[in-house]
Structures are given as structure tokens and as C-alpha cells.
Amino acid sequence: MAEEKELRYEPAVIEPKWQARWAANPAMYAADTHETDKPKYYVLEMLPYPSGALHIGHVRNYSIGDALARYMWMQGYNVLHPMGWDAFGLPAENAALKNNTPPREWTLQNVAAMKRQMLRLGLGYDWANEVTTCLPDYYRWNQWFFLRMYERGLAYRKQSKVNWCSLCQTVLANEQVVDGCCWRHEDNIVEQRNLEQWFYRITAYAQELLEGLDKLEGWPEKVRTMQRNWIGRSEGTEVDFGVEGIEAEKIRVFTTRVDTIFGATSVLLAPEHRLVPVLTAGDKDVELRISALIDEQKVARETDNMGAIDKEGVFTGRYAINPFNGERVPIWVANYVLAEYGTGALMSVPGHDERDYEFAAKYGQVIRRVIRPTVTEEEVELPFSSEDGVLVDSGEFDGLSCEEAKKQMQAVAVRKGFGEAKVTFRLRDWGVSRQRYWGTPIPMVNCPQHGLVPVPDEQLPVLLPERIEITQEGGSPLAKAPEFFNTTCPKCDGPATRETDTMDTFVDSSWYFYRYTDARNSQAPFDSAKVGYWFPIDQYIGGVEHAILHLIYSRFWTKVMRDLGMVTNDEPATRLFTQGMVIKDGAKMSKSRGNVVSPDEMVGRYGADATRMYALFAAPPDRDLDWQEDGVAGVSRFLARVYRLVRRFAPVAVAAKDAEVGVPSGVSLTQLRKMHQTVAKITQDFGGRWHFNTSIAAVMELVNEMMAAEAAMADGEVPGAVVAELMRTLVLLIAPFAPFLSAELWEELGEQGDVLRAKWPASDAALAKEDEIEIPVQINGKLRSLVRVSADADNATIEAAALADVKIIEWLAGKKPVKVIVVPGKLVNLVVK
């Protein structure tokens, strides 16, 4: 009983002990780039918002990255594995309103609480490079980057139709509107407002952002597809339609199907197109009807329902002239045409476009066929939109394929001066203005004499006032803080006012991983030489929900910094991994559903190692994980078996630490073979798709094999040198998954130094290879028996063993197979009539 008590696994004792030791002597801090000849490895999980507590989704995400970081340390790499806090944002302001706590105080309290949880979980971060984005030593450089972009014309201000969330009381970027609603308030419809806003000219990099996706072979294809679709490149032709009676005016339309222009039977304008007031001036009835269209469009846009909008239009009473054939076509205003997409005007070709067909049929417009399919002589039903056709009723272009007609018609438009080749993008410039307090102040002042004036570098950072009254009224609270709002002009020293908008918090997360390489630099955002050593990130880990919002912005920021001469890499990360969600009670864990599991509860009951290991064991990391507390308990019992096994044989292992294993046989050979097979399996898993679930299952199988041989190890049938090798390797294999237990057992085995610095075990291929293998034998595709043969047996030997098997002889009942199919090492199939 005394021995059983001594070998009891007590994570509540073991884990705090090692947590304290690691705090005093950090093991996972990266070596200085100038003081090591080790190869580098930069592994990173997306930084969290400091909401106050980690959830199990965090635990899963961070356990994946931590296991990889520990494995790479043991492989001999200099590893950078940092952590920080995406600490600006609206929730802090909401909490200030609710709890009467200043956002800074609320945020830093949450940072401290979540950091304590991470330390308790044994997550091995390089805290020397911790970043907190709401502190001036970080957001100063947000402002510095803004000024560099302003100098290059990449930051600008304009009056624009923007997305407004009435609950957030601020503007949202296009990427932050999901199904017509705010990304933070899923049931709140986003309004459209005209406001003066700051933008980053991300469209200047649209083509490069698109082309760069082809090089990101280490990113999930679904992420690259989402970005391609969001960037939305279209190649086509812009064509000018004249306006009858107004010689000076032209209506420029963009089309990807100029080959159908002879089928254009009207020109459609967006309700807010600049020419609409000109064309309808004086006709009050038309003006009122167009105003109604604007209202309909507004509702559709705010509910993200433009694709299903009931198509409505108003005839202006005016006509446009088709430049290819001189035909008069009516000019209509249509509610499904958007002013900000393309040119805000399009030619309606109802015979070959479904939307145009619906509109034309509703208003009795002409519908013409100008494309005939090449695959059949029969006329297909309109609208026919395929590009696999030839032109008809198209003048001199009749008989041309659609592809050839596009080229020739575009050339004619260019030669005659009424059109040009054009590439357009769905991507729009990034609106970075937010009418809130808790964000980076935009470093611009408004001077009555000089207008907009940038704040000089030497006056950075423009500090947020720490205590300010926050209300839900419209406009930034900073406008109501005289100590912030009132300033002097950097040019003339005259009275001026500060810009009161703050930056979108996605600015903070667009470059934080560069700051990690040099987080204490007070002279620059980072040392370019250090970035050159660490970048690109070798492995980035985070949720697929950030495929557009965060990842496309961070790619843009990298290219801007490259063009500023600060970095040499084109992309931030070589590889990206998107983990699955954590599910409980059939739904994604969330506070709103009330199904959140606290990591603290799991750690308190079962220990951090069991909680982490279950998060890796329960499902492949790219799949959703259905959280079951019973599973955590099961992993805890497994770790208890490991603890008892290693503790029991630690004295034998210590005594035989330097002994030679020799040539194993019998039980020793069986144990070592299983050990080397497990090493090979886990090493392969780390180098491939991270099947940590099967890695942990392989360790469980190894432990079962070792426990089956406990008596042989105890009575000396297994030599002490073999016992030492088995125990040492077992501890190394669990080190990436159970850091506390592995550290404790490593010490029990008499090893010096941190297990993290121990060399990852190598698999001996000769020892791992089975002497014999089991081959399934089928008759007409159905399994009938299993035979054992030498692992290196040739096909003839395998066939002979199958035909000599007693069960097979009984199944054949004297019949002779007409064919024998041998798949070496896999199976034998006997074909019998």
C-alpha cells in the first residue's frame, strides 16, 4: 500500500512545481539571432483578444502550436514561439459602460488573468517578446506606419458610403459585414451612411495579392479560394455609350462580355450614378420613382440581399448610342446596379444574361440572340450565357468564336477611341476609421490654415487619454475630451484639432508577428536584420474565420513593409494551419449558447497535461472536436499509468543509464521493436498532417506493450540497459503533449537539464522492421483467413503460404484457383469459379 501511495499520479502537486521552475528559468525563450548556429523555426498561433478567460477552443489551438514548438526544440532548432494580446477593441468600451471600469484597466486585468491560465497550462511561450497592442510602445508604431503610408499615398481620406453598426456606433470594413449584419452583432443589420473616412489603399496591391496566392502552397486551398473570391479579379472592356442630345456626356460601362454588345437593348445606371440627376432633371415623377429605387437598394444592401432583390427600374426617357452599330438604346435606372462596382453602369444584354433577362422580360424590352452554341445547330432557350459559342447578328464579327470576338472587338474599341481593356477587382480599399475611443489615435491634425497636417515622428506616440467618459452616442468620445482634441499645428504652431477617429483593430494584428522578433525596440518597429533571420513564419495556426479579415490585411501589410525597405519577404507565413472548432452538446462552444467549458475546471480536476492531451487526442486537429469530459478523465488515467510505470522502473533505468543495449532478443526485442515503430510513427506525424490523435494512440499502444512486459522487466529477463532505453524514450515521446509529466519523469530518470533540450529519439529502421507480417487471404474478394510470413517474403512464398493454410484448403474444397493476386505485404486474393 505504501508503494502504491508513493506512485500515485498527482498533477496538482507536480504541475505547480514545474510551473514555478520554468518561471525562474525559462526554457522556451529563443536564442539571440547572433549567438546561435541552430536553424530557426518560427511557430505562431494567432494572438487572442483579452476577454478575461481562455476557453477550450483556445486550449486546443495553443496546444497544437505548443506541441509543434516543443518537438522542433527537441529536433535542434532555435524556436521562436511568442504570445501577445490583441488588446484594443469595442468590447473594452462596452465593459466600461457596463462595469464603470476604464477600458485600459479592464483590458490589462484580463491580460493578467489569461496569462496566468496559459502559464498554468504549461504553454511554453517566449514571454520576453510579449506584445500588448493597447500600450503606447506598440501603437506608436501603428501611427508611424500610418504616416509612411500617408506619404506614399496609401493612406487617404474621402467622403464615402460606409457600413455603420448602430450597436457598435462605428464604421465597419466591408470584410466585417457578414450576411448584411455586424460581425460582432449577428442580428444587427448594418446601415449605409455617407461619412468622411480614412482608408488604406489595399487595392494598389490587388493584383499582387491575387498572384501571391499561387505561391502559398503551404496554405489550405479553402483559404486561398476565399481570398481569390474576395479579391475578385475580372478582365474585360470599358466601352463608352454616347448620350443622345448631350454630346459632351458619355456613359462608360464595364463588361466581361463585349462579344455580346450587339445584343445590348438598354443601358442601366445605378440609382446614384452621377448622370442620373442630369438625365432626369425637371421630371418630378421620375425623380420620385428613382428615390424609391434608392430606398429599395438601401434595404437590400443592409440585409445583404442584393442577389435576390426584386429587380425594379425606371426609364429616364433618354437614349444612349451603341458605339459598335450606332443603335439607340433606352437608358434606364435599375436597383440592382451598384454605383461603387465597376463604373456604376452596365449594358443590358437580356439574351445572354439571366439578371438582364429577368429585368427585360418584366418591362417588355427587346431580347436578342447574338451568340449561337457551337455544340448544336438547334437554338437553345434564352438566356444563353455560355462562352462556348459563335457570334450571329453581330455585323462584321459574325462567325467568330466568343473568345476571338472579345479580342477583336476590344481592339476596335481601343483603335476608334471609344473603349479600352480593363481589369477590375471586387476588393475595395480598407476603411480604417472607427468612431470609438479604445483604439490607436490617427496621427493627423486639422489646421484652419493648412488643412490636414501629419503629426511629426518625434511627437509620436499620440497618446490616448487614460480616463474618458464613454457613451453610446454617435461620434468618437475623443471629440469630447478637450485635453486630447485641442492641440497646435505642427506647421504653424497655431490652434488646431486632432483627428478623433481611431484605427480599426485589424491594424494591430496586421504586423504584430514582426514586432515579436524585437518587441523591446524603442527606436523602430523592429530590427530588419532580426526579421530577416526569423521570417517568413514557418507555421501559422488559427481559425479559418480569419481567412479574409486578418490574413489578407497581414499580407497587404507585409508587401507595404517590403516596399518601404523594411523586410525582404513577400508573404508573412510559409505554412498556415486552420484548426477545427470545439463542439459541445452539438454546437460550437460560445457564451451565448451557454455551453462553454472552463479550462480551469478541467485543470483542477484532471491536470493541465490531461486537458491538453485530450484536446489533441480526441480528433485530428483540422476536424471539429466534440468535447467530452469523460475523455479527459480517460487521458488522466493513461498518464497515471505512465507515471507509475516509469517511477517503478526509474531505479533500474538510473543504474543502467550508461550501459550498452547490445543485441536484443526475446521480450527485449519485442519491446524495442514496438518502441522504434512508435518513434517512427510520431516523427512521421509531426512532419506531415499532424495526426496528433494517432500519435497519442501509438504511445498508448506502446505503454500497453510495456505494461504487458512488466514482470519480465521486474525479474531481470529484460536487461537494465533495455529498460533504461524504453523508459527514457517513452518520456521523450510524451514531452510535446504532456510537458509537466515529462519534466517530472525526466528528472526521476536521473537526466540533467530540461527535457525540452534533449534530443528527439531516432528510429532504428532495422529494429522497427517486423520479422514476420500477417497477410489477409481473400477468396473472390472476401476475407477467409490470415497467414504469417517473413517480412521480406517474395510473391511466390506468400502465395504458397496462402494455399497451404488449413482454413483456405477447407474453403477451396478441392477447387483450384483460376488466378492468384498477390499484393506484397498487403493481401492475397484467390479467384475461384
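Residue check: is residue 573 on the phi < 0 side of the Ramachandran plot, crowded, with 20+ Cβ neighbours inside 10 Å and modelled with pLDDT of 95 or more? It is true that residue 573 is on the phi < 0 side of the Ramachandran plot, crowded, with 20+ Cβ neighbours inside 10 Å and modelled with pLDDT of 95 or more.
Restricting attention to region 751-783, and to residues there that are in a strand (DSSP E or B) and open to solvent by 70 Å² or more (accessible area, probe 1.4 Å), which single residue is farthest from residue 26 (Cα to Cα)?
Here the residue is 782.
Among residues of region 592-614 that are within 18 Å of residue 16 (Cα to Cα) and of a type in the set (A, V, I, L, M, F, W, C), those with a Cβ under 8 angstrom from a residue that is open to solvent by 40 Å² or more (accessible area, probe 1.4 Å) and part of a helix (DSSP H, G or I), sequence gap 6+ or separate chain, pair up as 602/629; 603/120; 608/120.
Each row is one residue, and each column tells you yes or no for (1) surrounded by fewer than 20 Cβ atoms within 10 Å (Cβ to Cβ); (2) in contact (Cβ under 8 Å) with a residue 60 or more places away in the chain; (3) not in a strand (DSSP E or B).
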{"residue": "162", "(1), (2), (3)": "no, yes, no"}
{"residue": "168", "(1), (2), (3)": "no, yes, yes"}
{"residue": "185", "(1), (2), (3)": "yes, no, yes"}
{"residue": "193", "(1), (2), (3)": "yes, no, no"}
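Keeping to region 711-741, report how many residues are in a helix (DSSP H, G or I) and either over 11 Å from residue 671 (Cβ atoms) or aliphatic (A, V, I, L, M) (or both).
To start, the set of residues in region 711-741 that are in a helix (DSSP H, G or I) comprises 711-714, 720-734, 739-741.
Keeping just the survivors that are either over 11 Å from residue 671 (Cβ atoms) or aliphatic (A, V, I, L, M) (or both) gives 711-714, 720-724, 726-728, 730-734, 739-741.
Final tally of qualifying residues: 20.
Assessment of region 601-616 against the conditions (open to solvent by 10 Å² or more (accessible area, probe 1.4 Å), at pLDDT below 95 and either in contact with a His (Cβ under 8 Å, 6 or more places away or on another chain) or closer than 30 Å to residue 706 by Cα (or both)) yields no matching residue. Among the residues here, residue 139 does not qualify as open to solvent by less than 60 Å² (accessible area, probe 1.4 Å), modelled with pLDDT of 95 or more and in contact with a Lys or Arg (Cβ under 8 Å, 6 or more places away or on another chain).
Restricting region 47-63 to residues that are crowded, with 18+ Cβ neighbours inside 10 Å and among the aliphatic types (A, V, I, L, M), the residue that is nearest to residue 528 (Cα to Cα) is 47.
Number of residues in region 242-287 that are under 47 Å from the mean Cα position of the chain (by Cα), modelled with pLDDT under 95, assigned to a loop (DSSP other than H, G, I, E, B) and within 18 Å of residue 363 (Cβ to Cβ) equals 2.
Among the residues of region 195-223 satisfying the criterion of being in a helix (DSSP H, G or I) and over 26 Å from residue 564 (Cα atoms), which is least open to solvent (accessible area, probe 1.4 Å)?
To start, the set of residues in region 195-223 that are in a helix (DSSP H, G or I) comprises 202-215, 221-223.
Filter once more, so that each one left must be over 26 Å from residue 564 (Cα atoms): 221-223.
On the way: 221: 91, 222: 109, 223: 1 Å².
My answer is 223.
Check region 434-443 and report whether any residue there is at pLDDT 95 or above, of a type in the set (Gly, Ala, Ser) and closer than 30 Å to residue 195 by Cα. Yes, region 434-443 contains a residue that is at pLDDT 95 or above, of a type in the set (Gly, Ala, Ser) and closer than 30 Å to residue 195 by Cα. Filtered by the rule that a residue be in a loop (DSSP other than H, G, I, E, B) and crowded, with 24+ Cβ neighbours inside 10 Å, region 426-442 gives 432, 436, 437, 438, 439, 440, 442. Considering 519, 587, the condition of being of a type in the set (A, V, I, L, M) and either under 30 Å from residue 71 (Cβ atoms) or modelled with pLDDT of 95 or more (or both) is satisfied by 519 alone.
Looking only at residues that are in contact with a strand residue (DSSP E or B) (Cβ under 6 Å, 6 or more places away or on another chain), of a type outside the set (Lys, Arg) and not in a strand (DSSP E or B) in region 485-512, which one is farthest from residue 82 (Cα to Cα)? By that ranking, first place goes to 489. Selection of region 472-492 for residues being modelled with pLDDT of 95 or more, under 26 Å from residue 167 (Cα atoms) and open to solvent by 50 Å² or more (accessible area, probe 1.4 Å) yields only 485. You will find that of 561, 566, the residue that is under 30 Å from residue 223 (Cβ atoms), of a type in the set (A, V, I, L, M) and either in a loop (DSSP other than H, G, I, E, B) or touching a Ser or Thr at 6+ places or on another chain (Cβ under 7 Å) (or both) is 566 and no other. Could you tell me whether residue 116 is more than 30 Å from residue 37 (Cα to Cα), charged (D, E, K, R) and free of Cβ contacts under 8 Å to residues at least 60 places away in the same chain? Yes.
Applying a threshold of 7 Å to beta carbon distances and a minimum spacing of six or more residues, or different chains, the list of pairs starting in region 807-833 at a residue that is surrounded by fewer than 13 Cβ atoms within 10 Å (Cβ to Cβ) and ending at one that is among the basic types (Lys, Arg) and not in a strand (DSSP E or B) reads 818/833. Within region 65-80, the set of residues being part of a strand (DSSP E or B) and surrounded by fewer than 24 Cβ atoms within 10 Å (Cβ to Cβ) comprises 78 only. Testing residue 695 on (1) out of contact with any Ser or Thr (no Cβ under 8 Å at 6 or more places or on another chain); (2) over 30 Å from residue 544 (Cβ atoms); (3) of a type in the set (S, T, N, Q), one condition comes back false. Which one is that? Every listed condition holds for residue 695 apart from (2).
If the requirement is being under 23 Å from the mean Cα position of the chain (by Cα), modelled with pLDDT under 95 and not hydroxyl-bearing (Ser, Thr, Tyr), which of these qualifies: 95, 53?
Details: 95 fails: under 23 Å from the mean Cα position of the chain (by Cα).
Just one listed residue meets the conditions, 53.
A quick yes/no check of all residues on (1) modelled with pLDDT of 95 or more; (2) among the hydroxyl-bearing types (Ser, Thr, Tyr); (3) surrounded by 14 or more Cβ atoms within 10 Å (Cβ to Cβ):
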| site | (1), (2), (3) |
| --- | --- |
| 358 | no, no, yes |
| 372 | no, no, yes |
| 377 | no, no, no |
| 381 | no, no, no |
| 386 | no, yes, no |
| 389 | no, no, yes |
| 396 | yes, no, no |
| 400 | yes, no, yes |
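Of all the residues in region 513-548, those that are surrounded by 15 or more Cβ atoms within 10 Å (Cβ to Cβ) and part of a helix (DSSP H, G or I) number 13. Of all residues in region 196-225, those that are more than 30 Å from residue 476 (Cα to Cα) and among the β-branched types (Val, Ile, Thr) have Cβ atoms under 8 Å from Cβ atoms of residues that are outside any strand (DSSP E or B) and open to solvent by less than 30 Å² (accessible area, probe 1.4 Å), 6 or more apart or on another chain, in 223/547; 223/551. Hey, can you tell me all the residues within region 3-38 that are among the aliphatic types (A, V, I, L, M), modelled with pLDDT under 90 and open to solvent by 50 Å² or more (accessible area, probe 1.4 Å)? 24 - this is the single residue of region 3-38 that is among the aliphatic types (A, V, I, L, M), modelled with pLDDT under 90 and open to solvent by 50 Å² or more (accessible area, probe 1.4 Å).
For beta carbons closer than 7 Å, sequence separation of 6+ or different chains, a first residue in region 421-442 that is among the acidic types (Asp, Glu) and a second that is modelled with pLDDT of 90 or more, the qualifying pairs are 429/199; 429/200; 429/201; 429/202; 429/203.
Here 420, 458, 469 are screened, and the one residue that is open to solvent by 10 Å² or more (accessible area, probe 1.4 Å) and assigned to a helix (DSSP H, G or I) is 458. Residue 244 - would you say it is touching a residue at least 60 places away in the same chain (Cβ under 8 Å) and either touching an Asp or Glu at 6+ places or on another chain (Cβ under 7 Å) or surrounded by fewer than 21 Cβ atoms within 10 Å (Cβ to Cβ) (or both)? In short, yes.
The values are calculated or read from the model by the stated rules, or taken from the named source; none is laboratory data. What you see is a predicted model; the values in this text were computed from it and never measured. Neighbour counts run over all protein chains shown; Cβ positions are idealised from the backbone, glycine included. These area figures cover heavy atoms from the full protein model, side chains too; ligands, DNA and RNA do not enter into them. Shrake-Rupley method; radii C 1.70, N 1.55, O 1.52, S 1.80 Å.
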